[in-house]
Amino acid sequence: MILAISGITLMLFGLVVSIVFWVPGIFNRDRARAIMGKRYPLVYVVYIANGPMLILCGLLLFIWPKIQ
């Protein structure tokens, strides 16, 4: 039960991060690019670590008890 709740929480958090990143009005990429300069690709590393990876980890935690 704890794994399922943790999985749902991670999936929801990953979904929120993905929405914030991809909706243009919330995350201003041009401003971030101006501030970060050459380090701008790190934004994508942070997004991948906190968006889709959290969704995948949450999904694994959610289905893990059902597999065993």
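The values are calculated or read from the model by the stated rules, or taken from the named source; none is laboratory data. These figures come from a predicted structure and were not determined experimentally. Positions of Cβ are generated from backbone atoms using ideal geometry, with glycine treated the same way; all protein chains shown enter the neighbour counts.
Which residues, taken from the range 24-35, are under 18 Å from G51 (Cβ atoms), surrounded by 10 or more Cβ atoms within 10 Å (Cβ to Cβ) and not aromatic (F, W, Y)?
The first filter runs over the range 24-35 and keeps only residues under 18 Å from G51 (Cβ atoms), leaving 24-29, 32.
Those still in the list that are surrounded by 10 or more Cβ atoms within 10 Å (Cβ to Cβ) too: 27-29, 32.
N28, R29, A32, listed by residue number.
Checked against (1) over 27 Å from M1 (Cβ atoms); (2) touching a residue at least 12 places away in the same chain (Cβ under 8 Å); (3) not polar (S, T, N, Q), P65 passes all but condition (1). Just one of the numbered conditions (1) over 15 Å from the mean Cα position of the chain (by Cα); (2) surrounded by 12 or more Cβ atoms within 10 Å (Cβ to Cβ) is not true of G7: (1). Check the range 37-46 and report whether any residue there is modelled with pLDDT of 90 or more, over 12 Å from the mean Cα position of the chain (by Cα) and not in a helix (DSSP H, G or I). Yes, there is a match, as at least one residue in the range 37-46 is modelled with pLDDT of 90 or more, over 12 Å from the mean Cα position of the chain (by Cα) and not in a helix (DSSP H, G or I).
Listed by first and then second residue, the pairs with beta-carbon distance under 8 Å, at least 6 apart or on different chains, first residue in the range 6-34 and under 26 Å from L60 (Cβ atoms), second of a type in the set (S, T, Y) and part of a helix (DSSP H, G or I), are V17/Y47; S18/Y47; F21/Y47. Criterion first (of a type in the set (D, E, K, R) and over 17 Å from the mean Cα position of the chain (by Cα)) does R29 satisfy it? Considered against the rule, which asks whether it is of a type in the set (D, E, K, R) and over 17 Å from the mean Cα position of the chain (by Cα), R29 comes out as no.
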